[in-house]
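See below for the structure under consideration.
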């Protein structure tokens, strides 16, 4: 069963949809697409992803969590989806890789990295920074 949904949905509903999916397809058409909240939701839910090659997808999926496809290429998308369906071991490896990476993508981990960065900066007053 395939379902396409092009509306904006809230986080709770998105998490439910992603949790129910076997894999996530992100066929973004725009060359201006930079990032995707759905991509992060999919990875943190340990779901394999098939996506066009926008920058965030290239960065994340090159680590083994999914397959990149050509923009506006139905045959490329179909081939990637077929690979996931016909090779459950591939899908499982992608899920395992996503599960490993997820801990670094969740907001508490991101906040910790920002805090660590801020703490590593030289101790300056706001006056010297704005001068």
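For the pair residue 92 and residue 5, a Förster radius of 30 Å applied to the C-beta separation gives a FRET efficiency near 0.70, rounded to the nearest 0.05. Each of 44, 11 has some number of other Cβ atoms within 10 Å of its Cβ, and from fewest to most they run 11, 44. Gain on full extension, evaluated as 0.36 nm per residue between residue 31 and residue 72 minus their Cα-Cα distance, stands at 13.7 nm.
Per 0.36 nm of contour for each residue apart, how much would the distance between residue 121 and residue 83 grow if the chain were fully extended, relative to their Cα-Cα spacing?
Numbers: separation 38, 0.36 × 38 = 13.68 nm, distance 4.64 nm.
Here the segment from residue 121 to residue 83 would lengthen by 9.0 nm.
Calculated translational diffusion coefficient of the stretch 48-111 (4 °C, 1.567 mPa s; Stokes-Einstein with Kirkwood radius over alpha-carbon pairs) equals 105 µm²/s. Across the chain, Cα-Cα distances exceeding 23 Å account for 39% of all pairs. Angle of helix 74-86 to the longest C-alpha principal axis of the chain, folded into 0 to 90 degrees and rounded to 10: 80°. In a fully extended conformation the segment linking residue 113 and residue 22 would gain 29.7 nm over its present Cα-Cα distance, using 0.36 nm per residue. Relative to the longest principal axis of the Cα atoms of the chain, the long axis of helix 11-20 lies at roughly 40 degrees.
Over the chain, what is the relative contact order in percent, taking alpha-carbon pairs closer than 8 angstrom and at least six residues apart?
Numbers: 145 pairs, mean separation 28.0, N = 131.
Relative contact order, the chain: 21 percent.
With contributions of -39500 (n - 2.57) from each DSSP H run of at least four residues, the per-residue ellipticity at 222 nm computed over the chain stands at -17000 deg cm²/dmol.
Read-outs: derived from the displayed coordinates by stated rules, not from any lab. Quick caveat: nothing in here was measured; it's all calculated off a predicted structure. Cβ atoms come from the backbone with ideal geometry, glycine included; neighbour counts cover every protein chain shown.
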